[in-house]
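Participant: To start, I am sharing the structure in question, which I have written as structure tokens.
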Amino acid sequence: MLIAYTTRLEFDELDTKTVMSDRKAAVVTGSSSGIGLGIAESFASNGMNVVLSGIEDASEVEPIRARLETQYSVSVIYVRSDLTVAAGARHLIKAAQDAFGRIDVLVNNAGIQHVSPVEDFPDEKWELILSLNLSAAFYTCKAALPMMKQQGWGRVINIASAHALVASPMKAAYVAAKHGVLGFTKTLALEVAEQGITVNAICPGYVWTPLVEKQIPETAAARGMTSDQVINDVILSSHPNKAFVTIEQVAALTQFLCSDSAESITGSALPVDGGWTAH
Ligand code: NAD
């Protein structure tokens, strides 16, 4: 089932046939790639139905969607939706409800980065990063909470960053948005604490994904360094263990937060950062 909506496109296909299932249903934003895809795969491998989300054409994501569905015998849909606008976030949640009749887990993971000193930071990049990395989580949660409350159970997991806890130069919008995500996480956790819903933020250090790959040349240009210098002297110098975090490590913590054993963990910032924020 493919459902598409962006600010630039009308609905190009809308199939609202609901899959009734006892399986839990998880929405993972930004799951056509990187960390989000790893989390989506972990959910599917644990028997959950999954909503993949991204801005890529459905045809690009179809091989991934079909593989997850076949490999793990669960239902997987892809919703193409621009989450920098509130309407896109609302559309994603409605499409998930229409498809599965339930939303048990919401992972706010979609995010982008731009590296530049504040004086040169393009206004439109600031707005875009705040919209996607912060406001989208507000709009998806606002839309999904009524269903979680009705179910009396829910898990909201916001993929923040070590940059929700500490800052780095040249990343003003990203750091501001991620600190904001943490504040939002704590506030929402308090609001829904008596309703069986937990809300947490995972704060990864550097994970090797397209997002990090893209910022290496940007950082190299901004700091007058080579790419190797950026990897060793900027990125891995932040991690006392000198290793990238893996997608699987972030996915495993996300999976644990969805378990009953984690029901007392809420309003927390959980670093997975090789020791970075212990500095
Ligand atoms: P990625 O670039 O691999 O994937 C980004 C995803 O976001 C894609 O699925 C893309 O379709 C989606 N996306 C982009 N623009 C969108 C838009 N306008 N509307 C909806 N979706 C959009 O990124 P990643 O490295 O896997 O990062 C995922 C999350 O993890 C981000 O929030 C990022 O800030 C956070 N994070 C990443 C790292 C890291 O080192 N990679 C570290 C800490 C936190």
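The values are calculated or read from the model by the stated rules, or taken from the named source; none is laboratory data. These numbers were taken from a predicted model, which means no experiment stands behind them. Positions of Cβ are backbone-derived with ideal geometry, glycine not excepted, and every protein chain shown enters the neighbour counts. For accessibility, only protein heavy atoms count, side chains too; no ligands or nucleic acids. Shrake-Rupley method; radii C 1.70, N 1.55, O 1.52, S 1.80 Å.
Participant: Using the structure shown, decide if LYS214 is within 13 Å of the ligand (Cβ to nearest atom) and closer than 19 Å to THR254 by Cα.
Facilitator: In short, no.
Participant: Still on this structure, please answer the following. Name the residues in region 106-156 that are more than 16 Å from the ligand (Cβ to nearest atom) and crowded, with 21+ Cβ neighbours inside 10 Å, would you?
Facilitator: Answer for region 106-156, where residues must be more than 16 Å from the ligand (Cβ to nearest atom) and crowded, with 21+ Cβ neighbours inside 10 Å: LEU145, MET148, GLY154, ARG155.
Participant: Could you tell me whether any residue of region 166-173 is in a loop (DSSP other than H, G, I, E, B), touching a residue at least 60 places away in the same chain (Cβ under 8 Å) and among the hydrophobic types (A, V, I, L, M, F, W, C)?
Facilitator: Yes, there is a match, as at least one residue in region 166-173 is in a loop (DSSP other than H, G, I, E, B), touching a residue at least 60 places away in the same chain (Cβ under 8 Å) and among the hydrophobic types (A, V, I, L, M, F, W, C).
Participant: Continuing with this model, one more query. Look at region 157-203 and say how many of its residues are of a type in the set (Phe, Trp, Tyr) and either within 13 Å of the ligand (Cβ to nearest atom) or on the phi > 0 side of the Ramachandran plot (or both). Lay out the reasoning, then the answer.
Facilitator: First pass over region 157-203, keeping only residues of a type in the set (Phe, Trp, Tyr): 174, 184.
Keeping just the survivors that are either within 13 Å of the ligand (Cβ to nearest atom) or on the phi > 0 side of the Ramachandran plot (or both) gives 174.
Count: 1.
Participant: Only one of ALA262, ALA176 is farther than 25 Å from PRO122 by Cα and in contact (Cβ under 8 Å) with a residue 40 or more places away in the chain; which?
Facilitator: After ruling out the rest, the residue left standing is ALA262.
Participant: Now for a separate question. Every residue in region 43-73 that is open to solvent by less than 10 Å² (accessible area, probe 1.4 Å) and β-branched (Val, Ile, Thr), please.
Facilitator: Within region 43-73, VAL50, VAL51, VAL61 meet the criteria.
Matching residues to (1) assigned by TED's automatic domain parsing to the domain that holds TRP153; (2) modelled with pLDDT of 95 or more; (3) touching a Gly at 6+ places or on another chain (Cβ under 6 Å); (4) of a type in the set (Ser, Thr, Tyr):
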position: GLY36; (1), (2), (3), (4): yes, yes, yes, no
position: GLY47; (1), (2), (3), (4): yes, yes, no, no
position: LEU52; (1), (2), (3), (4): yes, yes, no, no
position: SER59; (1), (2), (3), (4): yes, yes, no, yes
position: SER73; (1), (2), (3), (4): yes, yes, no, yes
position: VAL85; (1), (2), (3), (4): yes, yes, no, no
position: ALA110; (1), (2), (3), (4): yes, yes, yes, no
position: VAL115; (1), (2), (3), (4): yes, no, no, no
position: ASP120; (1), (2), (3), (4): yes, yes, no, no
